1. Can you work out ³J(HN,Hα) from phi for every residue in segment C:34-39, in order, using Karplus 6.51 cos²θ - 1.76 cosθ + 1.60 and θ = phi - 60°, giving whole Hz and x for Gly and Pro?
2. Taking all protein chains together and a probe of 1.4 Å, list B:Phe394, B:Phe497 from the most accessible to the least accessible.
3. Given the whole protein assembly as supplied and a 1.4 Å probe, what does the accessible area of C:Cys201 come to in Å², nearest 10?
4. When a/c is below 1.5 the answer is rounded, else prolate if a/b is larger than b/c, else oblate, so apply that to segment C:12-92 with a ≥ b ≥ c taken from the square roots of the Cα gyration tensor eigenvalues.
5. Restricting attention to segment A:32-136, which trypsin sites (Lys or Arg not before Pro) occupy a DSSP loop and are surrounded by at most 13 other Cβ atoms within 10 Å?
6. In sequence order, what are the phi-derived ³J(HN,Hα) couplings for segment B:372-388 according to the Karplus relation 6.51 cos²θ - 1.76 cosθ + 1.60 with θ = phi - 60°, rounded to whole Hz, with x for glycine and proline?
7. Antiparallel as a % of all DSSP beta bridges within chain C, to the nearest 5?
8. So if a site counts as exposed when it's one of the trypsin sites (Lys or Arg not before Pro), its DSSP state isn't H, G, I, E or B, and it has at most 16 other Cβ atoms within 10 Å, what's the longest stretch of chain C without one?
Amino acid sequence: MKAEARLLLFLGLSFLVIGLVYWLWSGENAGGMMLMASAGLGFLPGSYYLWWSNRMRLRASDRADASIADGAGVIETFPGSSIWPFTLGMGCFCVALALVFGTWFALPAAGLIVWALLGAVIESRRGDPGSAASHH
Amino acid sequence: MTELIERHAGGDGTVFESDEVHHAAHEHHEPTGIYKWLTSTDHKVIGLSYTITSLVMFVIAGALAEMIRIQLTSPNSSFVSIAQFNQLFTMHGSLMIYLFVGPFAFGGLANIIVPLQIGAPDMAFPRLNALSYWLYLSGSLTMLLGFFVAGGPADFGWVGYAPLSNSVYSPGAGPDLWIAALLLTGFSAIFTGVNICATIFYLRAPGMTMFRMPIFTWNMLVVGILILLAFPVLTAGLVMLYCDRHFGTHIFTVHGGGVPVLWQHIFWFWGHPEVYILALPFFGIATDVIATFSRKPVFGYRTMVFATITIGALSLGVWAHHMFTTGVVLLPFFSIMSLLIAVPTGIKIFNWVGTMWGGRVRLTAAMLFAIGFVITFLLGGLTGIYLASPPLDFFTHDTYFVVAHFHSVVLALVMAGMAGIYYWGPKVTGYMLNERLGKVQFWTFFIGANLMVLPQYWLGLLGMPRRVATYIHDPQWQDLNRWATAGAFVMGISTIFFVVNVAYSWWKRVPAGDNPWDAQTLEWFTTSPPPHHNYYALPPIRSERPTWDYNHPGAPALVHGHHETPEDAELVTT
Amino acid sequence: MSSFGAHPGATTTGRQTYHLWQGFTIGAIVVGGITLALIVFAAVRYRVRPSDDGVPRQTQYHLPLEVTYTIIPILIVLVLFAFTVVVENNVTALPPPQLTVRVQAFQWGWRFFYPPAPGTPAGQVKGPYAFTIAGQTTQTPTIEMPEHENVRIVLQSLDVVHGFYIREFNFSRYALPGVTNEFTFNAQQTGTFFGQCTQYCGLYHSLMWFQVKVVTPGQYVAWARSQQTQAANLAAIAAAAASLSQGSAGLPVRPDIGGGTN
């Protein structure tokens, strides 16, 4: 994780330097503020990764001499086909239409969004009937 | 229905079992037909949906452009009314930038290719990925709905400057649809940014260290980070604009104590990283394509990576070069930052040359598009340097000089996108695109693009402003506009060739095989198209070109032209 | 030397900008030409011959070369920046003006406010402005200014963002609502110069035209005096009509045509 940490910290540091130079030189607050926030966005995950990279064993994807066998085992649980992204997307579409055509659109929006969130959470918990995720 | 993905070590340590085997072990009902599309979380399906949708937006926006060009063939033309013209250029720009170039690059191509290039079975968050697509599609439909409401679509330019975009000067549903559409596509992009970063950080195959990833993937990583930095800013600005329009706030109005120029700061703080979000994926495509069709490794791989990161870092500090003529920004700061950002871009161009140098260059359609991209981008980039100098910007800003500059750049990106389609199309679909039609498409596009853009530079220097439905009665201006219109129509013809090629190739079905180009990066190791979850087997990954190493054990990369040593051979073929 | 498409400039700062343009263009032609030649040469010279499809030398990097083509562009950029700063400081400078004209941009026209003509007795003109020139869209209001004098423009907007642009002055500046922008011209030649709005401002943006006529100082004084007299006459007529209409309900009141701010 060291390379990732360095990348993010480098970006955070760049934005901090650029931001300070800009803010002190121009006194313009909007840009100064946005650059500081950007620096924060680099430091937050960057420092997290740095902290972790000092404490974890090298992952197979970080080792130059790793063989494919080293990465054997469960990678992750990937949700297969799922109707919930579409449902949630349509709910958000209704929110957008509510912004334009009237608040009554918020009703189907809320319905679709709540339904989709419930469905997605239950789907994550329940898992695929035949897979290990559901055997608990 | 979730699936567990596991890797198994086979006899020679290289077997990677996909869940096809698991599927055989238990029964479940695979969705079919349209329900399969609505519920797919496969990054290849989602990416293909994005690609096709964005190309449809390209064609619609291109038709709007042709209408603009017809109107401008003569001053005082009444092909469209002035009001319609203002809607035309607003929607042309909005469709192209918000709904075509970005989604094509990070939603379409990156979605399909990045997991393949790093040996991952899918994106890190497949359902979030699917949501990104549905938000993008909804956003596109919302934007297009503007054509069907009373008052028509938004007409304040793709940048929507305040106070023109508030409810006093731009009332109606069209502008609100524009805002709502961009809220949807903004979140779509943010979720894709999350997915790209998480996938690259966490799902790389064993041995695929950060500095062995293909340049396209590196560029997409920086793009992902830029998306996370920039898009929330635009979203916040749009919410503020909506509040000004509907909730009586005074953020961007003078009355009530607001600051109109604040909109420009917020918009361009997103807007400039956005153009690099648009450009970097295409730089990545060009790099991979040029390396493959020169039969050489990427020249200066590390420098390329550092140049991309530098572009990303600098791109957040240049936004007000779009605001030089406001009179209220710190000119020298933005000038030096904007001039500096030319340096890493130049490094990339020289590295592309270095990649071709001493190689065996095959001028396939993909390669022609990539070289056309480099040449056209060179022109656009050079004119950008002028714009980085405030005194020179003062008299070119908001004229056709700027229009020509960004069209040079963007049309170059489109060429690189076509290079990507011709290069990776066979991998994704399993079929080759016709090379001859591809070359005709390239030459017509390249000629048309430059035929449009060169007169426009001249028009800008002669004083023709942008966003104008008519211009002064000057025969020279009319002639130049007519040449530009001709160029635009030649590009339209090029697009017809593209559509014909896609249809013809789909009908002809020439199988591509795993690696029709003898390409170098990991995605060429798997089948065309790749199986569900991408890889039946993975080769050992010992460099940034694992497929090449596997296929050419006797041709390792040489450093500084030194002859191969036994250690070099051992390192590569382990 | 070629103009490379730009106008040589009718003002002092416009000419400096023009020379900067020429310098940048020479640099662009040199750098662009070399780079284009390299690209085309590489693509053509190293084309694969049908007979030979072997694997070429797989050179991966060349650090000294890469460092060179990093350092040289940085140096070029610094030189461009240095020249830019010099010209920029001159263009944005605000030397003491001999004439100050207030300009208001609005949807979709221009209004110019002039101070009393040189030589006007103090007190003859009420308020800071003696006359205005105004017009909408293709009415193309035409103003005059003297050559070889510092003319300060004070630019404001009544509604949305507009762009004040005169090609031959090699200059433009936004009229930003809530902000007053000031800049100075010192014209070096007489002539009539066309100006228009460059920042998109709504429906008739493409027709928001004006004209600037640069004349000798003597001609300017004559023009200003005649404008001032006309404005005074019109104001007198308007005042008379207003006092008449106070007595009779049916008489229309003359609309305010000029002479002072609204």
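1. Couplings: 4, 5, 4, 4, 4, 4 Hz.
2. From most accessible down to least: B:Phe497, B:Phe394.
3. Looks like 0 Å² after rounding.
4. It is oblate, given that a/c is not under 1.5 and a/b is not larger than b/c.
5. A:Arg55, A:Arg57
6. Running phi through 6.51 cos²θ - 1.76 cosθ + 1.60 with θ = phi - 60° gives x, 4, 4, 5, 5, 5, 4, 4, x, x, 5, 5, x, 5, 4, 5, 7 Hz.
7. Looking only at bridges with both residues in chain C, the antiparallel portion is about 75 percent.
8. Counting only loop sites that pass the neighbour cut-off, the longest clear stretch is C:127-262.
The values are calculated or read from the model by the stated rules, or taken from the named source; none is laboratory data. Model, not experiment: these values are computed from the prediction. No Cβ is skipped: glycine too gets one built from the backbone with ideal geometry, and neighbour counts run over all protein chains shown. Only protein heavy atoms, including side chains, enter the accessible area calculation; ligands, DNA and RNA are left aside. Shrake-Rupley method; radii C 1.70, N 1.55, O 1.52, S 1.80 Å.
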